[in-house]
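Visitor: One structure is given below, represented as structure tokens, and several questions about it will come after.
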Amino acid sequence: MIATLLLLCGAMLFSLFVPIGSLFNIDWFLFGISFHVDLIAKVFLLFTSFVWLMSALYAVHTISKRERSFWFWFFITFLGNFGLCFVSDVLGFYLFFSLMSFGAFGLIIHEKTKEAKEAAFVYIKYVIVGEVLLFIAIVSLVSQCGGTQFEQITCSDSLATLILVLLAFGIKIGVFFLHSWLPLAHASAPASASAVLSGVMLKAGVLGWIRFMPFGVASSEIAGYSLIVLGVLAIYGGLYGLTQNKLKSLLAYSSISQMGYVVVLFGLVLLDTQKSELLLYAILSFSAHHALNKSALFLLSSEINKYGLDLRKVLLFAFFALSLIGLPFTSGAIAKEMLKSGVDSSVLLALLSLGAVVTALLMLKFLSLSREIQKVSSPLSPLLPIFGLFLGSLALPWILESAGGFRWMQVLPFFMALGIYIFLKKQKIEIPLMPQGDMLALFYLPRQELKKSRNIQKQRWDFSRALEAVFRSIEAALSQEKYVFLFLLGYLLFLSVLRFFLY
Amino acid sequence: MENSLYLVALLLSSFLPALIIFFLDEKRVVLRNSLNLLGVGTKIALVAFLFISLIEGTHFRLSFEIAQGVEFLLKVDELSLLFAGLSSVLWLFTTLYAIGYLKKSKNQGRFFGFFSLCVTATIGLCVSGNLFTFFLFYEFLTLVTFPLLLHNQDEASKQAAISYLKYTLFGGAVFLLGIVLLHSLVGSHEFVSGGYLQATQEGDSLYLQIIFVILLIGVGVKAAIVPLHGWLPKAMAAPAPVSALLHAVAVVKAGAFGIVRIVYEVYGIEFASMLGILYILMFVAIMTILYGSLKALFQEDLKKRLAYSTISQVSYILLGISLFGPLGTIGGLVHLVHQGVMKITLFFCAGAFSSTYKITKIDQMDGLGKTMPLASLSFTLAALGMIGIPPLAGFVSKWYLGLGALENGLWLVVGVIGLSALLNSAYFLPILYRIWFRAPLYEKQISAKKFSLEADPLLIFPLLATALLSLLLGVFAMSDLSALEWVKQLVYLEYSQ
């Protein structure tokens, strides 16, 4: 424990004071590993080590069972996550990425309940598939470009390699249809671990995309449009989250929909290389913003679960939730403004605002769920790390040096969500609890409830119910990893056949 | 006949101890062990000396004509030292391990005698200078391994030994046929970098292809390629040091080494690729890799699972050979060493588990991480290396294999490597999960001594050493002393012709 904390403090100091542009080389290790702190690395280093440090401080107060094993895996996972932030060659990245991914298995399984075990097994399967895809991607990149440094591998123009990279890191990011592991894993790990899993480890996938894609060099229409579609579909994750009744699964589903924004941004980068710099800043600031707020919410959710909602927690929660929704003067507002400045299609903008509405709904659901938990007097000390994250999130707009302003578009989604929520409450429409269901059920079930409440009951074949059954089974298939992998394989096969016929 | 004395000494360093041990009384444990270790020490020293002299440019040769045009030839080249170095170093660890493992066993004199003979045969294979000499030692190896497989003298080991004999005698006969056909075509030549068949320009390509397939079947029995692998899982009835020897030091490796010799130094890699025999080899290798991994998934017995894993992993070597181009060759040859080191660690661990807690099945392995932490750690390192996680040794070989495949534009092969890595994790990770995350099934044995290891130190020390070696071979892959550097030198020779 002490070793981990010391390492974390050291890493924090390193991240704060390492000047941009510094180089480190370890020549004797494997094929040589080199580190280069550029702007991207610096941003990632800063929020990564900060969130890890705060989560560790929280873990000091809360982890009581099997402390040694927890800290061991915490240490390993952090080492991987920290190293991959500023490593500058593909093999080093692969090394640290695997260290992090495998280490997280130990964190997820820590509670050793049935749920935790199942979640960890699902997680590790996804990890291994991701690792293999990444290995093939790296081999093909290096084989095409003849170098292992990140600057050298942008030469590749093969679509197959790009898709491999997208899939390999897409699993970590939780891109729609590769996301099924995410709510399971994030909901069953201890809070301090889910905070880092959801807050910063998802961002490792983002960093992977930045580093391995021909970022701002080459464009690819197929991959770009696929990413935008997948990113928009991620809103589904948020909607589905509304049917959950555990605080942490709500937050996990919210992560899926939030990462959807980033996926859309990457899609835009792939479509138009001109704007890549602008979009890069948007991705970086959004990642930092989401890391701070989401990890804080995870820590807070565990506190609320244990001690109920009191005034201090309401205030903290309100701040983080509003940041996440993107209300004015918060880090979320700045991040979303940057995001929107890169998007010029109005349809896409409207869809992104829809995402904000869903986030707001999720947060309201979170609030109503946490009000049901019985209040107990709570100790102050576990709240301190959360307060640290609060300060970080508060300072983020200034760090980003962006002029915040008040725009109606920033507030609108929140009030829309509030309106929907009050409407649902007034009509006494309960959102059903669904372990496995589908998005369309959300639209059909309330209508059935409406019909019932107005006493319009006709005995006829119910189209909506049949459709609901179909989508339920699709979701059930999606949440089982083997179907996903089969689909993946089929997709790869399809692409290769397509390529065969095209050329 | 240059410096032939050293070659004789190299062979005698394990042959003489074997002869003396046969005539020693069973109870002279100390003398027997020290003789054995003396032999090992001499052999390692000699191999090291040969390494240095070869770098300085000294040649080592020993030859005399047996019959008209048939020559008995021993010589030292880069390839032979790669294999000789591996065998002699692993022989040291296996000997130490066997002393610990067989402490209470009967017939130790017989065991160690044949054990040393087995190594003699392997070293003979390494320094064989032509196919005929290679064949002699190849058959010698078959004969001296037989008593080792029979060591337990129960029904299972009898079955195993008979099955082994059937397979290998069949292989030997086919191998001989191939050699004779080749001899009638071009006469006997010594192994030479770049091959000698192209230069002789005899025979049409179909004939040479058929001869290659015949030779492949002959050597492939020992390398356990797929339709000919049946003896290997059965041979698991033998004690752990024998399995370790079979899989990592002598038999399986001898087969793979034979294929290396045939492809690179008989046919020559460029000629082989022109003939298209590399595709035959690639097909066989891919089949074996996938089949072995799939079969391993369904094994409940730890040693059986490891055996099928060997079948699949040894074919990585064949796969690397079948990829034309330096990168693929590096991958294949370096895997010869890396696979040996990792697999011997796994078998040492399996033996340590079974001799300490009588654990042979995988579902008995729960919680071993708590009761036998050092052995479990070594097992974990080796298993992760097999999957190919950086920075372990297995990653280095997989990396070069992948690069070599893409150099030829063979995405299929990269896919197979990926699929095999998936299967490898599917059969190794559940074991690791049991070891580290489950509650122990057995109480930890508490010894009365103040300072004690989890098992006999002679069992623990060798497996720690080989596990460490598999880590170091990966981490220091680029240093001058690593297997990778030596293989790179060697490949440079094969392709510069």
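The values are calculated or read from the model by the stated rules, or taken from the named source; none is laboratory data. Only a predicted model underlies this, so the values are computations on that prediction, with no experimental measurement involved. Please note: Cβ atoms are built from the backbone with ideal geometry, for glycine as well, and neighbour counts cover all protein chains shown.
Visitor: For segment A:19-31, what are the residues that are assigned to a loop (DSSP other than H, G, I, E, B), more than 13 Å from every other protein chain (Cβ to nearest Cβ) and at negative phi? Break it down stepwise before answering.
Guide: Step one: filter segment A:19-31 for residues assigned to a loop (DSSP other than H, G, I, E, B), giving A:19-22, A:27-31.
Subset that is more than 13 Å from every other protein chain (Cβ to nearest Cβ): A:19-22.
A:19, A:20, A:22, listed by residue number.
Visitor: For segment A:169-178, does any single residue satisfy the condition of being assigned to a helix (DSSP H, G or I), at the interface with chain B (Cβ under 10 Å from one of its Cβ atoms) and closer than 29 Å to residue A:219 by Cβ?
Guide: Within segment A:169-178, the subset assigned to a helix (DSSP H, G or I) is A:169-173.
From what is left, the residues that are at the interface with chain B (Cβ under 10 Å from one of its Cβ atoms) are none.
No: segment A:169-178 contains no residue that is assigned to a helix (DSSP H, G or I), at the interface with chain B (Cβ under 10 Å from one of its Cβ atoms) and closer than 29 Å to residue A:219 by Cβ.
Visitor: Being touching a residue at least 40 places away in the same chain (Cβ under 8 Å) and crowded, with 23+ Cβ neighbours inside 10 Å is the requirement here; does residue A:232 meet it? I'd like the intermediate steps shown before the answer.
Guide: Numbers: touching a residue at least 40 places away in the same chain (Cβ under 8 Å): yes; crowded, with 23+ Cβ neighbours inside 10 Å: no.
So residue A:232 does not fit the description; no.
Visitor: As an exercise: evaluate residue A:27 against (1) without any contact (Cβ under 8 Å) to a residue 40 or more places away in the chain; (2) more than 30 Å from residue B:476 (Cα to Cα); (3) of a type in the set (D, E, K, R) and give the number of the one condition it does not meet.
Guide: That leaves (2) as the condition not met.
Visitor: So which residues in segment A:126-151 are at the interface with chain B (Cβ under 9 Å from one of its Cβ atoms), touching a residue at least 12 places away in the same chain (Cβ under 8 Å) and not aliphatic (A, V, I, L, M)? Give the derivation first.
Guide: Filtering segment A:126-151 for residues at the interface with chain B (Cβ under 9 Å from one of its Cβ atoms) gives A:128-129, A:131-133, A:135-136, A:138-140, A:142-144.
Narrowing further to those that are touching a residue at least 12 places away in the same chain (Cβ under 8 Å): A:129, A:131, A:133, A:135-136, A:138, A:140, A:142, A:144.
Of everything in segment A:126-151, those that are at the interface with chain B (Cβ under 9 Å from one of its Cβ atoms), touching a residue at least 12 places away in the same chain (Cβ under 8 Å) and not aliphatic (A, V, I, L, M) turn out to be A:131, A:135, A:140, A:144.
Visitor: Out of the residues in segment B:347-380 that are among the aromatic types (Phe, Trp, Tyr) and buried (at least 24 other Cβ atoms within 10 Å of the Cβ), which is farthest from the chain's Cα centre (by Cα)? Steps first, answer last, please.
Guide: The initial filter retains those residues of segment B:347-380 that are among the aromatic types (Phe, Trp, Tyr), namely B:347-348, B:353, B:357, B:379.
Next, only the ones that are buried (at least 24 other Cβ atoms within 10 Å of the Cβ) stay: B:347-348, B:353, B:379.
On the way: B:347: 13, B:348: 15, B:353: 22, B:379: 18 Å.
Looking at the filtered set, the residue picked out is B:353.
Visitor: Only one residue in B:222, B:234 is in contact with a helix residue (DSSP H, G or I) (Cβ under 8 Å, 6 or more places away or on another chain), crowded, with 24+ Cβ neighbours inside 10 Å and part of a helix (DSSP H, G or I). Which one? Step through it out loud before you land on a result.
Guide: On the way: B:234 fails: crowded, with 24+ Cβ neighbours inside 10 Å.
Of the residues listed, the single one that is in contact with a helix residue (DSSP H, G or I) (Cβ under 8 Å, 6 or more places away or on another chain), crowded, with 24+ Cβ neighbours inside 10 Å and part of a helix (DSSP H, G or I) is B:222.
Visitor: Let me ask another. So residue A:62 fits all but one of (1) more than 16 Å from residue B:433 (Cα to Cα); (2) within 11 Å of chain B (Cβ to nearest Cβ); (3) at pLDDT below 90; what number is the exception?
Guide: Of the numbered conditions (1) more than 16 Å from residue B:433 (Cα to Cα); (2) within 11 Å of chain B (Cβ to nearest Cβ); (3) at pLDDT below 90, the odd one out for residue A:62 is (2).
Residue by residue, here is whether (1) closer than 22 Å to residue B:409 by Cα; (2) surrounded by 21 or more Cβ atoms within 10 Å (Cβ to Cβ) holds:
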{"residue": "B:258", "(1), (2)": "no, yes"}
{"residue": "B:269", "(1), (2)": "yes, yes"}
{"residue": "B:282", "(1), (2)": "yes, yes"}
{"residue": "B:287", "(1), (2)": "yes, no"}
{"residue": "B:294", "(1), (2)": "no, no"}
{"residue": "B:298", "(1), (2)": "no, no"}
{"residue": "B:307", "(1), (2)": "no, yes"}
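Visitor: Just to be sure before I move on: is residue A:34 within 14 Å of chain B (Cβ to nearest Cβ), among the hydroxyl-bearing types (Ser, Thr, Tyr) and under 30 Å from residue B:476 (Cα atoms) in the structure I sent? Break it down stepwise before answering.
Guide: Values: within 14 Å of chain B (Cβ to nearest Cβ): yes; among the hydroxyl-bearing types (Ser, Thr, Tyr): yes; under 30 Å from residue B:476 (Cα atoms): yes.
In short, yes.
Visitor: Additional query: Grab the helices (runs of 4 or more DSSP H) fully contained in segment A:183-260, keeping just those with 3 or more residues being among the hydrophobic types (A, V, I, L, M, F, W, C). Quick ask: steps written out before the conclusion?
Guide: Working: elements: A:191-196, A:202-212, A:221-233, A:235-241.
Those helices (runs of 4 or more DSSP H) span A:191-196, A:202-212, A:221-233.
Visitor: Follow-up. Can you pull out every residue in segment A:245-255 that is buried (at least 24 other Cβ atoms within 10 Å of the Cβ) and over 11 Å from residue A:294 (Cβ atoms)? If you could, list the steps in order and put the result at the bottom.
Guide: Of segment A:245-255, the ones buried (at least 24 other Cβ atoms within 10 Å of the Cβ) are A:250-255.
Result: A:250, A:253.
Visitor: Every residue in segment A:158-183 that is over 18 Å from residue A:93 (Cα atoms), surrounded by 22 or more Cβ atoms within 10 Å (Cβ to Cβ) and aliphatic (A, V, I, L, M), please.
Guide: Selection gives A:175, A:178, A:182.
Visitor: Looking at the structure I just gave you, is residue B:387 crowded, with 20+ Cβ neighbours inside 10 Å and either without any contact (Cβ under 8 Å) to a residue 40 or more places away in the chain or within 13 Å of chain A (Cβ to nearest Cβ) (or both)? Outline the logic, then answer.
Guide: On the way: crowded, with 20+ Cβ neighbours inside 10 Å: yes; either without any contact (Cβ under 8 Å) to a residue 40 or more places away in the chain or within 13 Å of chain A (Cβ to nearest Cβ) (or both): yes.
Yes: the conditions hold for residue B:387.
Visitor: Would you check which residues across segment A:350-371 are of a type in the set (A, V, I, L, M, F, W, C) and under 20 Å from the mean Cα position of the chain (by Cα) and list them?
Guide: Here is the first cut: in segment A:350-371, the ones of a type in the set (A, V, I, L, M, F, W, C) are A:350-352, A:354, A:356-358, A:360-364, A:366-367, A:369.
A:351, A:352, A:354, A:356, A:357, A:358, A:360, A:361, A:362, A:363, A:364, A:366, listed by residue number.
Visitor: Does segment B:192-205 contain at least one residue that is of a type in the set (D, E, K, R) and within 25 Å of the chain's Cα centre (by Cα)? Break it down into steps so the answer makes sense when it comes.
Guide: Looking only at segment B:192-205, we keep the residues that are of a type in the set (D, E, K, R), and these are B:202, B:204.
Checking which are within 25 Å of the chain's Cα centre (by Cα) leaves us with none.
Checking segment B:192-205: not a single residue is of a type in the set (D, E, K, R) and within 25 Å of the chain's Cα centre (by Cα).
Visitor: So which residues in segment B:15-48 are without any contact (Cβ under 8 Å) to a residue 40 or more places away in the chain, crowded, with 18+ Cβ neighbours inside 10 Å and among the hydrophobic types (A, V, I, L, M, F, W, C)?
Guide: B:35
Visitor: Taking segment B:166-181 on its own, how many of its residues are farther than 27 Å from residue B:69 by Cα, touching a helix residue (DSSP H, G or I) at 6+ places or on another chain (Cβ under 6 Å) and either surrounded by fewer than 17 Cβ atoms within 10 Å (Cβ to Cβ) or among the small types (Gly, Ala, Ser) (or both)?
Guide: 0
Visitor: A further question follows. As an exercise: evaluate residue B:158 against (1) crowded, with 24+ Cβ neighbours inside 10 Å; (2) over 26 Å from residue B:462 (Cβ atoms) and give the number of the one condition it does not meet.
Guide: Only one criterion is unmet by residue B:158, namely (1).
Visitor: Sort out which residues of segment B:429-444 are part of a helix (DSSP H, G or I) and either without any contact (Cβ under 8 Å) to a residue 60 or more places away in the chain or facing another protein chain (nearest Cβ under 10 Å) (or both), and write them in order of number. Can you show your working first?
Guide: First, the residues of segment B:429-444 that are part of a helix (DSSP H, G or I): B:429-437.
Correct list: B:429, B:430, B:432, B:433, B:436, B:437.
Visitor: Take segment A:94-125 and flag every residue that is over 19 Å from the mean Cα position of the chain (by Cα), more than 9 Å from chain B (Cβ to nearest Cβ) and more than 23 Å from residue A:48 (Cα to Cα).
Guide: A:111, A:113, A:114, A:115, A:116, A:118
Visitor: Restricting the search to segment A:287-331, which residues are outside any helix (DSSP H, G or I) and surrounded by fewer than 24 Cβ atoms within 10 Å (Cβ to Cβ)? Walk me through how you get there before you give the answer.
Guide: Step one: list which residues in segment A:287-331 are outside any helix (DSSP H, G or I), which gives A:308-310, A:326-330.
Passing the criteria: A:308, A:309, A:310, A:327, A:328, A:329.
Visitor: Which residues, taken from segment B:481-495, are away from every other protein chain (no Cβ under 11 Å) and without any contact (Cβ under 8 Å) to a residue 24 or more places away in the chain?
Guide: So in segment B:481-495, the residues away from every other protein chain (no Cβ under 11 Å) come out as B:481, B:483, B:485-495.
B:481, B:485 - these are the residues of segment B:481-495 that are away from every other protein chain (no Cβ under 11 Å) and without any contact (Cβ under 8 Å) to a residue 24 or more places away in the chain.
Visitor: Which members of segment B:54-86 meet the condition of being of a type in the set (Gly, Ala, Ser) and farther than 21 Å from residue B:43 by Cβ?
Guide: Of all residues in segment B:54-86, those of a type in the set (Gly, Ala, Ser) come to B:57, B:63, B:67, B:69, B:80, B:84-85.
Matches in segment B:54-86: B:57, B:63, B:67, B:69.
Visitor: Among the residues of segment A:152-164, what is the count of those that are in contact (Cβ under 8 Å) with a residue 40 or more places away in the chain and either among the β-branched types (Val, Ile, Thr) or within 10 Å of another protein chain (Cβ to nearest Cβ) (or both)?
Guide: Qualifying residue count for the region: 4.
Visitor: Still on this structure, please answer the following. For segment B:252-311, give me each residue that is farther than 12 Å from residue B:324 by Cα and charged (D, E, K, R).
Guide: B:253, B:261, B:265, B:295, B:300, B:301, B:303, B:304, B:305, listed by residue number.
Visitor: Looking at B:396, B:414, which one is part of a helix (DSSP H, G or I), facing chain A (nearest Cβ under 9 Å), among the β-branched types (Val, Ile, Thr) and more than 23 Å from residue B:345 (Cα to Cα)? Full working, then the answer.
Guide: Working: B:396 fails: more than 23 Å from residue B:345 (Cα to Cα).
Only one candidate qualifies: B:414.
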